[in-house]
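So the structure is just underneath, and the comments pick up after that.
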Amino acid sequence: MKRYKDINGDSGVYGYEIGNNYIIVQFKTGALYTYSYSKAGKDNVEMMKKLAELGDGLNSFINKYVKQLYD
């Protein structure tokens, strides 16, 4: 699991792991959620990967677009 940078210090995301067609997000609560192409959609997962690597905006994106679309 890679540590999320959280550039602004305001995210609920703690870490993430990127796979070919999924991303696993670990929240500061300790909860782990897997978002895959099949459930969250390819475009959403690819955007989440970009935001995770950037270290900013991932928590907001999840809340706005894919909150309940985890595996």
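The values are calculated or read from the model by the stated rules, or taken from the named source; none is laboratory data. Just so it is clear, the structure is predicted and the values come from calculations on it, not from any experiment. Neighbour counts are summed over all protein chains in view; Cβ atoms, including those assigned to glycine, are modelled from backbone coordinates with ideal geometry. When the accessible area is computed, the model is the full protein with side chains, heavy atoms only, and any ligands, DNA or RNA have been set aside. Shrake-Rupley method; radii C 1.70, N 1.55, O 1.52, S 1.80 Å.
With respect to Leu54, is the statement that it is touching a strand residue (DSSP E or B) at 6+ places or on another chain (Cβ under 8 Å), hydrophobic (A, V, I, L, M, F, W, C) and open to solvent by 30 Å² or more (accessible area, probe 1.4 Å) true? Answer is no for this residue.
Take the range 57-69 and flag every residue that is among the polar types (S, T, N, Q) and either open to solvent by less than 50 Å² (accessible area, probe 1.4 Å) or not in a helix (DSSP H, G or I) (or both). Full working, then the answer.
Step one: filter the range 57-69 for residues among the polar types (S, T, N, Q), giving 59-60, 63, 68.
Answer for the range 57-69, where residues must be among the polar types (S, T, N, Q) and either open to solvent by less than 50 Å² (accessible area, probe 1.4 Å) or not in a helix (DSSP H, G or I) (or both): Asn59, Gln68.
Is it true that Lys2 is over 10 Å from the mean Cα position of the chain (by Cα) and in contact (Cβ under 8 Å) with a residue 12 or more places away in the chain? Considered against the rule, which asks whether it is over 10 Å from the mean Cα position of the chain (by Cα) and in contact (Cβ under 8 Å) with a residue 12 or more places away in the chain, Lys2 comes out as yes. When the strands (runs of 3 or more DSSP E) confined to the range 1-40 are screened for residues that are open to solvent by 30 Å² or more (accessible area, probe 1.4 Å), within 14 Å of Leu69 (Cα to Cα) and aliphatic (A, V, I, L, M), those reaching at least 1 such residues are found at 22-27, 32-36.
Can you report the number of residues in the range 40-59 which are in contact with a helix residue (DSSP H, G or I) (Cβ under 7 Å, 6 or more places away or on another chain) and of a type outside the set (A, V, I, L, M)?
Of the residues in the range 40-59, 2 are in contact with a helix residue (DSSP H, G or I) (Cβ under 7 Å, 6 or more places away or on another chain) and of a type outside the set (A, V, I, L, M).
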